[in-house]
Amino acid sequence: MNKKQIVYPYIPNSVPEVKAEMMKVIGINDPMELYEREIPEELRFKGEMQLPEPIYDEYSIKRHTEELLGKNKNAQDHLCFLGAGCAPHFVPALCDEVNGRGEFLTAYVGESIADHGKWQALFEYTSLMAELCDMDILSIPMYDGGTAASSSVRMANRINGRGTVLVPEKMNPENMLIMKNYTNSMPEPDIKMVTIKCDGAGLIDLDDLRSKISSDVCAVFIENPTYLGSVEVNAEAIGKIAKKAGAEYIVYVDPISLGVMEAPANYGATITCGDFHSLGMHLGAGGCQGGFIATYDDMKYISEFKDLMYGLSETSVEGEYGFGEVLYGRTSYGSRDKANEFTGTSTGLWAITAGVYLATMGPQGMEEVGTTIMQRSQYAAQKISALPGVEVKTGGPFFQEFVVNFDMTGKTVAEINKALLGYKIFGGKDLSLDFPAMGQSALYCVTEIHTQQDIDKLVYALNGVVSC
Amino acid sequence: MSRDRYSRFRKFHQAKWDEEIIFELSVPGERGVLVPKAEKEVAAAVGDGVSALAGLKRKKAPALPEISQMRLNRHYLRLSQETMGTDVNIDISQGTCTMKYSPKVQEHMAARHPGITEVHPLQDPETMQGILEIIYKTEQIMKEISGLDYFSFQPGGGAQAVYTNASIIRAYHQSRGDLKRDEIITTMFSHPCDAATPNTAGFKVITLMPDENGFPPIEAFKAALSERTAGIMITNPEDTGIYNPRIKEYVDAAHAVGALCSYDQANANAFLGIARAHEAGFDMCHFNMHKTFSAPHGCMGPATGAVGYREFLRPFMPVPRVEFDGSRYYLDYNCPQSIGKTRSFLGNFGVVLKSYMWIMQHGAEGLKEAAICSVLNNNYMMQKLKKVPGVVMYYDFGVGKNRLEQVRWSWEKLQQDTGFGTTDVNMRLSDFGIQHYWTSHHPWVVPEPFTLEPCESYSKDDLDEYCGVLAEISRECYEEPEVIKGAPHNGPTHRVKHMEIDDEELIAVTWRQYLKKKGLKK
């Protein structure tokens with residue numbers, strides 16, 4: 001086929017006759033005339049972009065992509081015990097059904113007069129999350145848990161004007177990197193991140209917290225469960241210390257834990273935040289994360305959210321629901337650099353999906369999934385701890401994840417994980433780079449998708465790997 | 001033979017289900033799905049599992065609704081039908097957003113292939129070579145498209161990409177100990193994120209107003225520059241569709257005082273293969289992969305803002321970088337001056353995958369064809385819309401000047417003639433099966449604005465239908481005002497009493513807050 005005559009299926013007006021007709025209407029003979037008048041010659045690119053040869057037809061691009069994606073091993077052909085903020089969970093079919101609907105998939109910023117369904121689905125997301133968190137207020141979603149955590153800290157800083165945030169030294173390292181950048185300023189950080197000592201399971205050292213709390217602390221930030229999986233049993237005491245000093249108490253949760261774990265609001269949190277990936281999303285190579293912040297019904301908090309908020313309202317017809325923008329002036333769409341931080345396209349489709357998940361699971365489903373996760377992860381920890389030279393370091397109750405130390409085996413986590421691949425297993429996240437003091441430790445994640453047989457297979461494989 | 005799109009209009013009615021808020025569907029005891037339970041042996045070994053939580057065990061179950069699966073499915077499909085996505089309408093309305101067709105083959109790969117859906121982002125790089133290869137290859141492509149040297153796909157959207165660039169500007173000056181540089185200059189017709197993100201990153205923001213040409217005069221720009229200028233962050237063409245032909249002078253002047261220049265290329269669909277950040281002298285840029293490169297908008301995400309840099313800014317880029325040693329792809333975290341991360345893991349890989357597929361289906365010629373057709377479509381529409389009574393084109397320089405891919409129009413004359421402004425017209429638009437249009441970001445510099453972007457996805461027939469509908473609504477404004485007053489008539493809902501809710505008493509952003517405000521008990 002002559003290249004010049006290609007009609008692109010996604011560019012209807014690439015048909016030469018149509019193009020000619022349109023040019024006639026405009027009064028030009030060559031479409032490049034439209035550029036020649038607008039973009040000065042010295043700014044126009046004279047060369048040709050050196051791009052790969054195109055793959056025009058649909059079947060061939062599909063084959064090409066399948067070949068590339070086929071090079072990836074995945075959690076369908078392997079057992080995956082990686083979590084660390086992106087744990088493998090059961091995704092109800094309804095979640096995929098709804099987020100695959102073309103109307104949701106391709107909608108954007110329409111008002112509720114035409115996009116009523118989108119507004120309602122997102123309003124339902126905030127409403128369902130509010131029940132899960134036992135708090136009143138959420139905005140539409142953020143990019144991921146790390147950005148939600150970071151924005152929570154900036155909210156606290158605006159609320160009380162203080163310049164230090166206390167965070168666990170063993171907090172999620174991805175989130176720490178995000179927060180470190182987000183609290184930075186020019187010429188220097190305007191919110192200082194100070195770490196609180198933690199034990200081997202990531203639990204806060206209360207004495208160290210007491211020594212660092214001050215009237216300059218805008219917030220005490222903790223994770224529950226901790227990055228290392230532990231349940232922060234002193235969560236209420238930590239909150240009391242924070243609030244006594246006049247600081248906000250921010251608790252970062254994995255929302256799938258909240259069917260069985262107490263909502264942070266009920267042990268003193270003033271801001272709850274997290275990543276809702278666990279609520280109905282696939283692993284997606286990390287592309288299915290989404291952040292949320294929840295607070296109380298208090299203008300002190302409501303006015304500090306940075307993202308759009310959809311308010312349930314009335315229409316000109318009695319009894320009909322409609323939706324409006326709440327406090328639009330908070331957002332950068334409304335007031336540019338005078339806004340609370342910035343907003344933009346984030347993760348609307350995943351938020352709708354999280355709503356579908358929570359509605360599908362219901363209160364009983366959330367309790368059951370939390371229970372299964374706790375039972376199976378405890379079973380796995382129990383079995384793994386019986387292996388020679390392998391130590392499970394939980395330090396108390398844990399949810400879904402736990403630390404396994406391999407120091408006594410004489411093997412590194414990297415070596416063990418390489419060997420586990422031979423058993424078609426993705427071993428736990430190697431912690432030795434982020435936390436060298438923890439030695440050769442890995443973070444294992446066991447959820448409702450791991451059957452007893454899966455866990456037994458892991459134990460069998462680990463036994464084989466560490467004893468050879 | 002196609003219908004006359006200027007006289008025969010769709011007798012459209014959007015689905016209107018009057019659907020309940022999901023909590024109103026709850027029937028105690030109903031289940032949407034059953035979830036896996038631990039095996040007997042597991043339970044025997046560990047007990048109920050949750051007793052271990054002791055005082056942190058949830059005391060009161062979350063008040064989520066209880067709904068059977070068929071009803072849930074019906075609920076959400078009804079809501080989807082009450083949503084006017086690009087797939088079902090001529091989505092020219094959302095100017096600045098490039099509502100491009102998202103080819104289904106891309107979605108089928110990204111949403112269904114386990115080589116992406118079931119891949120964990122922390123897998124051993126050896127087990128995700130395909131993903132790393134696609135990221136690496138897309139980086140090489142973006143380098144050609146922009147003329148810059150390195151790219152990252154970590155940011156989860158356009159605004160986050162611009163924020164990443166503001167962070168890079170800060171890191172660059174901090175690394176040089178040049179700490180007095182605390183100002184960023186932007187323009188009023190650049191996207192609000194070009195002002196908001198540098199402010200979040202700790203800069204003072206100077207926003208320049210346009211003159212009669214539609215962009216700030218070079219003299220005003222030079223007057224704003226000083227030894228305190230850290231950078232400029234601007235769009236070109238701006239959200240008016242006007243390309244600032246003197247952009248290189250602005251960039252050179254900024255460089256002369258030691259500032260960096262960041263190019264917001266949200267509007268890049270106009271000039272793929274025709275103009276590049278490199279030739280205009282920019283140090284960094286960003287592209288919206290979900291706009292320019294066809295990935296869908298997903299009710300506001302997931303998205304990807306690709307950020308590109310010249311060589312000297314590489315040390316500050318987010319970690320990890322995807323590298324290739326000639327045989328294997330790997331992740332490089334060894335970047336001590338890096339800003340760290342702005343988004344977790346590798347960003348939204350699914351969006352990168354879709355963009356890669358779209359680019360590969362077009363090649364260099366096809367990308368250029370997309371740009372040309374987007375500008376052609378816009379200029380064709382201009383000829384048609386200029387004739388619609390009540391329409392004004394601001395910054396209209398008469399013969400010889402055009403717009404690139406979009407136009408910020410005005411209904412100023414219509415309002416003067418009929419009293420109906422842009423909001424009134426907008427309310428009526430969806431009655432014809434067309435998404436209501438994007439007016440303008442705030443503040444409205446152009447009075448009674450509306451912004452249309454007919455990208456290359458739309459056929460000549462689509463453009464004619466759209467123009468015909470606007471002409472018809474204009475006619476109604478002049479001749480049948482009652483029709484306009486009550487609009488929308490055929491939508492899923494009617495005009496909302498409070499489109500902007502600032503009164504505390506009216507704020508209800510969750511169902512529980514709504515019940516509380518209404519004095520209704522849960």
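The numbers here are math on the coordinates, done by the rules we state, and not lab data. Small disclaimer: the values here were computed from a predicted structure and weren't measured. Every residue, glycine as well, gets a Cβ built from its backbone with ideal geometry; the counts of neighbours run over all protein chains shown.
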Tell me, what is the FRET efficiency for B:SER2 and A:GLN5 to the nearest 0.05, using R0 = 22 angstrom and their Cβ-Cβ distance as r? 0.40
Where does helix A:145-160 land angle-wise versus the long Cα axis of chain A, in degrees 0 to 90, nearest 10? 80 degrees
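Find how much the distance from B:GLU41 to B:PHE312 grows on full extension, using 0.36 nm per residue of separation minus their present alpha carbon separation; answer in nm with one decimal. It would help to have the intermediate numbers written out before the result.
Working: separation 271, 0.36 × 271 = 97.56 nm, distance 5.99 nm.
Extra length from B:GLU41 to B:PHE312 when fully extended: 91.6 nm.
Tell me the Kirkwood hydrodynamic radius of the stretch A:93-357 in angstroms, computed as one over the mean inverse distance between distinct C-alpha pairs. Walk me through the intermediate numbers first.
Details: mean 1/r = 0.0530 Å⁻¹.
Final number for the Kirkwood radius of the stretch A:93-357 is 18.9 Å.
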For the protein assembly as shown, alpha-carbon Rg and Dmax in angstrom: 27.6, 88
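For a footprinting-style exposure proxy, rank A:LEU349, A:LEU128, A:LEU94, A:LEU431 by other Cβ within 10 Å, fewest first. Intermediate values should be presented prior to the final figure.
On the way: A:LEU349 30, A:LEU128 27, A:LEU94 20, A:LEU431 24.
In increasing order of surrounding Cβ atoms, one gets A:LEU94, A:LEU431, A:LEU128, A:LEU349.
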Whole-percent pair-distance distribution, where bins are 20 Å wide, for the alpha carbons of chain B: 19, 47, 30, 4, 0
Can you tell me the mean projection area, over all orientations, of the convex hull of chain A's alpha carbons? Units nm², please. 29.7 nm²
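Just need the relative contact order of chain A here, percent rounded to a whole number, with Cα pairs under 8 Å and 6+ apart. Walk me through the numbers on the way to the answer.
Values: 823 pairs, mean separation 87.4, N = 468.
In percent, rounded to a whole number, it is 19.
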For the stretch B:410-418, in residue order, the Karplus 3J(HN,Hα) values (coefficients 6.51, -1.76, 1.60; θ = phi - 60°; whole Hz; Gly and Pro = x) are 9, 9, 4, 5, 4, 5, 4, 7, 10
Here the FRET efficiency for A:ALA237 versus A:SER215, based on Cβ atoms and R0 = 22 Å and rounded to 0.05, is 0.65
Stokes-Einstein D (µm²/s) once Rh is taken as the Kirkwood radius of the stretch A:274-381 over alpha-carbon pairs, at 37 °C in 0.692 mPa s: 195 µm²/s
Can you compute the helix-only [θ] at 222 nm over chain B? Use -39500 (n - 2.57) per DSSP H run of at least 4 residues, normalise by all residues, nearest 500 deg cm²/dmol. -10500 deg cm²/dmol
How much of the DSSP bridge set in the protein assembly as shown is antiparallel, in percent, rounded to the nearest 5? 55 percent
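Going by how many other beta carbons lie within 10 Å of each one, how would you line up A:MET171, B:MET381, fewest first?
Details: A:MET171 23, B:MET381 27.
Listed from fewest to most nearby Cβ atoms, that is A:MET171, B:MET381.
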Report the Stokes-Einstein translational diffusion coefficient (µm² s⁻¹, integer) for the stretch B:1-138, Rh taken as the Kirkwood radius over Cα pairs, at 20 °C with viscosity 1.002 mPa s. 99 µm²/s
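Okay, helix-only estimate at 222 nm for chain A: each DSSP H run of n ≥ 4 adds -39500 (n - 2.57), divide by all residues, round to 500 deg cm²/dmol; what do you get?
Working: 15 runs with 176 residues, N = 468.
The helix-only estimate for chain A comes to -11500 deg cm²/dmol at 222 nm.
Rounded to two decimals, what is Rg over Rh for the stretch B:110-359 when you use alpha-carbon atoms and the Kirkwood radius?
Working: Rg = 17.9 Å, Rh = 18.4 Å.
Using Cα coordinates only, the ratio equals 0.97.
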What nm value, rounded to one decimal, do you get for the distance between A:LYS424 and A:LYS244 when each label is placed 7 Å out toward the C-beta? 5.6 nm
Among A:VAL413, A:VAL165, B:VAL319, which comes first, second and so on when ranked by fewest other beta-carbon atoms within 10 Å? B:VAL319, A:VAL413, A:VAL165
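Add +1 for every Lys or Arg and -1 for every Asp or Glu among the other residues with Cβ under 13 Å from the Cβ of A:ALA442, and state the total.
Numbers: positive: A:LYS393, A:LYS411, A:LYS418, A:LYS429; negative: A:GLU391, A:GLU401, A:ASP407, A:GLU415, A:ASP430, A:ASP434, B:ASP124.
Within the 13 Å Cβ shell, the charges total -3.
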DSSP bridge orientation in chain B - percent antiparallel, rounded to nearest 5: 55 percent
Measuring from label point to label point, each 7 Å out along Cα→Cβ, what is the B:TRP444 to B:LYS413 span in nm? 1.8 nm
For B:ILE501, list long-range residues whose amide hydrogen, built 1.01 Å from N in the peptide plane, is under 5 Å from its own amide hydrogen. A:GLU325, A:VAL326, A:LEU327, A:TYR328
Give the angle, between 0 and 90 degrees and rounded to the nearest 10, that separates the Cα long axis of helix A:348-385 from the longest principal axis of the Cα atoms of chain A. 30 degrees
Helix A:112-133 against the longest principal axis of chain A: what's the angle in degrees, Cα atoms only, rounded to the nearest 10? 10 degrees
So, in Å, what gap is there between the alpha-carbon centers of the stretch B:210-246 and the stretch B:450-485? 32 Å
Take every Cα-Cα distance within the stretch B:450-522, group them into 5 Å bins from 0 onward, and report for each bin the whole-number percent of pairs it holds. 3, 11, 12, 13, 14, 13, 9, 10, 9, 5, 1
Distance (nanometres) between label positions extended 7 Å along Cα→Cβ at A:ASP407 and B:ASP461: 7.3 nm
Quick one: grab the alpha carbon gyration tensor of the stretch B:39-81, order the square roots of its eigenvalues as a ≥ b ≥ c, and give me rounded if a/c is under 1.5, else prolate or oblate depending on whether a/b is larger than b/c. oblate
How much length is gained if the chain between B:ALA256 and B:ARG31 is pulled fully straight, taking 0.36 nm per residue apart and subtracting their Cα-Cα distance, in nm to one decimal? 74.3 nm
Once Rh is set to the Kirkwood radius over Cα pairs, what Stokes-Einstein translational diffusion coefficient, in µm²/s, holds for the stretch A:3-65 at a temperature of 10 °C and a viscosity of 1.306 mPa s? 109 µm²/s
Rounded to the nearest 0.05, what FRET efficiency is calculated for B:LYS180 and A:LYS197 with R0 set to 41 Å and r the Cβ-Cβ distance? 0.65
